[in-house]
Structure formats: structure tokens, C-alpha cells
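This report refers to the structure that appears directly beneath it.
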Amino acid sequence: MIAASLDLLRLGSVRRRLALAGLATVSLVFCFRGTVRGDGVAYYGYLPSIFAHRSFDLGPTFDRFIAAGVPVARQFLEITLPTGLTADYKQVGAALLALPFYLVTHGVFLLVPGRQDPDISAEYQLAFAAASLFYGVLALVLIYRFLRQLFGPRPAALATTGVLLATPLIAYLLFEPSYSHTFSVFATTAFALYLYVTRHDRRWTQWFLAGVLGGVATITHAQEVFFFALIPVEAIWQIWHRRWSLQLLPKYVALMLGALLPILPQVAIDQLLFQRWLPPTAPNISFDFAHPHLLDLLVSTRHGWLAWSPLVVVALLGLPSVVRRLEWFGAALLTVGLAEVVVNASVSDWWGGVAFGSRRLTDQSLLLGLGLAASCAWLLQRRLAPLAIGLVAAGIALTGLLLAQYYYIIRGDIGPPWRDFLLGQVQAVPYLPRLFAQGAVVREALNAQWLLAGYTALVIAGVAVLAVWLGNRLGLFKGSGGGDRPDPGRARRPGRSRQPAPIQSPAIG
């Protein structure tokens, strides 16, 4: 699979697109698990409770999943609050983003003879998982288009492939789509890119829409509030370059009003359930900022960011170039990334619980994509294409082994000794084929549920195509490349291009 993916770089445009579509189809059919489980039950639970049963008591929905034997942390789904309602410590953003998919499914089955269970039937679970797939693919298309404009098609393709297949994002796009991470990646990416592409003379409506996108990001996961730091960093840059004026103050108000629009449902739910204005943390969560587990968060075998995703190191090496290129935007993204590392290292369960890799840092996909594209562009400019492709390929291979190791060998919330961690990747090789037997379409077909398998295949193919089409139709990046002022280095060397020179090699043709 890895070799086939890399060989696509040598194909012509039409053939490459067909081959990519074929690989994507195989991956979705054999790997995409269109079910709700784990933390996903708490994110999904808002939909059937509020919109199907018209109740804010999520307890009956949670009970249905528990009774069905779905893997969940039931100790957090069976807490009765003083209000008499059942606690839900997950935020409502993912459910709001998935609401159109759930309502379409609900409408379809109102017209179809027979009755589908709006709580746990496969079709309703698939609606939530398909929404996750849609937003994940849309975010990747936006990232690729942005990187392509900045660095060219080959660095952008390598970087986007690395972000998808060599970080924990792949686990939450295919194997655990009901978690909130793809929703967070989309919301933070859309907010950040929209701010950047509208940076020149942003209109009132654009300030308001930027606020809406930031608010949506905040209610997908509380730590995404850090992305609002892009606003003051932009203002500081404007003040430094004498581009800021008091006329911007009312526009900041418009942004705050836009942010409040999606935040209000979360505030209302917190008031109703917990009788407080801010989202509460789960009972097992606490913070110790005086003693952050920074080293553990990065290199521990218990889901350390660099230990489980070594390609992140290559991305980090490219970040100085990103900051020089994108100025305040690059510096702001880096600031947000550092803040999230510190906060997540200070959480009592800094490893992220039972999860694949450092899942709470998947929202840094845009930053990693920029850094990785910068590193790949640097290598391609120096005719080191085989090294760039080799690094990405190694990261993908390691992620595949770690996925097999996580699902079939580790099987627990532990961090094995480094010796066992490394040996486990060798022991995981025979389990790799099993990763291609987790897909909902395959399992439904093997169980002779032909109609359901066909329906699932149609839905996931439809949302994937829709996400790619929409991502390519959005006119966000016209004339938005580069920084906010001329590059003096470019002025001194007018003949030197920032795009990689054409390279003819066996690796990329």
C-alpha cells in the first residue's frame, strides 16, 4: 500500500487521480469503521437525545449503548447530577457539526417503511461517523491547497500525506471516527486559514464569520480556545508595522459576537446539566501546571507525540522557515502549538487515556503540514527527493505497525518499556492485514447484510466525494500565498524561485 501510494507521484495527472481514488476507495471499504464507541458515545449522545427524543437527559441513550455491549467508559456515563439529569462531560461541537447528517438520515428513515432505532441503529451511527469523515477529508483538502500555493504541488502532496498517514489523525479518520478529533481538525483549520486569507482589509461580515468558526472550534474541544490567540498576535504585528487603528475595535466586537453564536448552545447545556457557565472537567481530570510532564508527553511510549509519530520531528525542523515565510501567522500557530503542549502535559492524564498516539495534538495538523512541507521543499530544492519521500514513507510504515500493535498487542492503557515497545512493532507485522478487516462495509458484507453494506458504501463514498469537491470549490486561497510584506531576500535574488526546481529521478519521475 505504501509503495503504491508513493508510485503515484510518477503518474500523469489523470492516472494519478484515478489511482488515488482507487486507493481511497480500498481504504474506506476495508478500514473505515462507521460505528460509535468509546468517547464517541458521549459526543454522539446529544443527537438522539435532543433531536429524536426531545430530551436533555442523555441517560437513556447512554444506557442503550451500555446494554448493547459497546466499549465505553461507563463510569462517566452513569453519573446522575443534582438536576436529575445524566452528566455528559464531552462538548457539543461535534454533535452540532454532525447534525445535518443525522437529520438527513432521520428524514430518510421517516419515509422508508419500517422503523430504525435513532439511538443505536447502524444507519444513525453511520451518519455521525460519516460526518466525521466528511470534516476530516475537507480539512485535509484545505490544508493541501494552502500548502500547494505556498510550496508547490510536490511538497504539499508529501506533507499532506504525512499528516494523514504518519500521525494519529489516520486512526481517528478511519478506525475511531466517532471521536471529536476530525471535527476539531476541521474547525481549527478553517478558522486559522480563514483569518489568514482575509487578513488584508477584512470586512465586517468576515470578522463575524471568523468568530463563528472560532466559536465552533472552541465547542468541539475546550483547548481549541487557544486558537483565538491568532487575533492578538495579528494585532501585535499590525501595531509593530503601524497598520493597526482604533477603527478595528468595533470589528473585534463583531468577531466576539460571531464566536458567541455557536458557544451559546454549549453554555445553555452546561447551565441545564451542571448549573454552571463553563464546561466542567471529567471527575478524573485535574491540572498541575507546576509539574508538567513535558518529556513524557513527547517521548514516552505511553502515546508520546514524537515516540508514536517520529515524522513530527521533520515537521518541527521546518517551522523556522514557516515563521519567516508567514510572519505573524506562522508565529501565532507556533504559539498555539506550544501552549497546547504545555497544557496537555499538565493534565493528570497527559497520555490521553485509551487512545492511539498523542490524540489531543491532532488539532496541530495545519502546523505540522506547514512544517513538513517546508522541510520537503528544502530537500526537493537540493535534489534530495528520495530522502524526502523516504522519510514520509518511513513515517507511514511505522504508523501502520503502531496501529497493528495498538489494536492487537498492547490492548490497554499502558506505556510498555522501550524494549517491548520496539519489539512489539516487529511482532505487529502479522497483524497488519487485520487492519484491513475492520471496515464496516467488509464486516457487513461478511455477515451477509448486503443492503446495509451497499448503503454504508454509498454513504461514505458520497461524503468523501462531497468533501473533496467542496474543498476544491472554495475560493479561499486566490492570491493568499506568502507573507504580508516583500521578502528582501527575493528582491536581491530575482532569479531564484521559492518553488522546487524540476527534478527527474526514479523516485518521482
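The values are calculated or read from the model by the stated rules, or taken from the named source; none is laboratory data. In this text the structure is predicted, and so the values were computed from the model without any measurement. Because the Cβ atoms are built from the backbone with ideal geometry, glycine has one as well, and the counts that use them run over all protein chains shown. Keep in mind that these areas ignore ligands, DNA and RNA; they rest on the heavy atoms of the full protein, side chains included. Shrake-Rupley method; radii C 1.70, N 1.55, O 1.52, S 1.80 Å.
Within the stretch 434-446, identify whether any single residue is aromatic (Phe, Trp, Tyr) and over 22 Å from residue 136 (Cα atoms), and answer yes or no. Walk me through it before giving the result.
Step one: list which residues in the stretch 434-446 are aromatic (Phe, Trp, Tyr), which gives 436.
Subsequent filtering for residues that are over 22 Å from residue 136 (Cα atoms) retains none.
No, because not a single residue in the stretch 434-446 is aromatic (Phe, Trp, Tyr) and over 22 Å from residue 136 (Cα atoms).
Taking the residues in the stretch 90-124 that are at pLDDT 95 or above and assigned to a loop (DSSP other than H, G, I, E, B) as candidates, determine which candidate is least open to solvent (accessible area, probe 1.4 Å).
Here the answer is 92.
Out of the residues in the stretch 53-73 that are over 24 Å from residue 440 (Cα atoms) and part of a helix (DSSP H, G or I), state the one that is most open to solvent (accessible area, probe 1.4 Å). Don't jump to the end; show me each part of the working.
First, pick out the residues of the stretch 53-73 that are over 24 Å from residue 440 (Cα atoms): 53-60.
This time we only want the ones that are part of a helix (DSSP H, G or I), so: 59-60.
Numbers: 59: 6, 60: 74 Å².
Result: 60.
Spot the failing condition for residue 278; the list is (1) part of a loop (DSSP other than H, G, I, E, B); (2) touching a Leu at 6+ places or on another chain (Cβ under 9 Å); (3) open to solvent by 50 Å² or more (accessible area, probe 1.4 Å), and only one is missed.
The failed condition is (2).
From the list 349, 413, 420, pick out the single residue that is part of a helix (DSSP H, G or I), out of contact with any Pro (no Cβ under 6 Å at 6 or more places or on another chain) and acidic (Asp, Glu).
Values: 349 fails: part of a helix (DSSP H, G or I); 413 fails: part of a helix (DSSP H, G or I).
Result of the check over 349, 413, 420: 420.
Yes/no matrix, rows are residues, columns are (1) under 21 Å from residue 147 (Cβ atoms); (2) over 19 Å from the mean Cα position of the chain (by Cα); (3) polar (S, T, N, Q); (4) surrounded by fewer than 20 Cβ atoms within 10 Å (Cβ to Cβ):
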{"site": "274", "(1), (2), (3), (4)": "no, yes, no, yes"}
{"site": "303", "(1), (2), (3), (4)": "no, no, no, no"}
{"site": "308", "(1), (2), (3), (4)": "no, no, no, no"}
{"site": "311", "(1), (2), (3), (4)": "yes, no, no, no"}
{"site": "324", "(1), (2), (3), (4)": "yes, yes, no, yes"}
{"site": "329", "(1), (2), (3), (4)": "yes, yes, no, no"}
{"site": "335", "(1), (2), (3), (4)": "yes, no, yes, yes"}
{"site": "353", "(1), (2), (3), (4)": "no, no, no, yes"}
{"site": "360", "(1), (2), (3), (4)": "no, no, no, no"}
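Of all the residues that make up the stretch 20-52, how many are more than 21 Å from residue 453 (Cβ to Cβ), within 21 Å of the chain's Cα centre (by Cα) and open to solvent by 30 Å² or more (accessible area, probe 1.4 Å)?
2
So that you can scan it fast, the table gives a plain yes or no per residue for (1) over 26 Å from the mean Cα position of the chain (by Cα); (2) at negative phi:
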residue	(1), (2)
65	no, yes
69	yes, no
83	yes, yes
101	no, yes
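Every residue in the stretch 366-381 that is surrounded by fewer than 24 Cβ atoms within 10 Å (Cβ to Cβ) and in contact (Cβ under 8 Å) with a residue 60 or more places away in the chain, please.
Once the filter is applied, which keeps residues that are surrounded by fewer than 24 Cβ atoms within 10 Å (Cβ to Cβ) and in contact (Cβ under 8 Å) with a residue 60 or more places away in the chain, the stretch 366-381 yields 378, 381.
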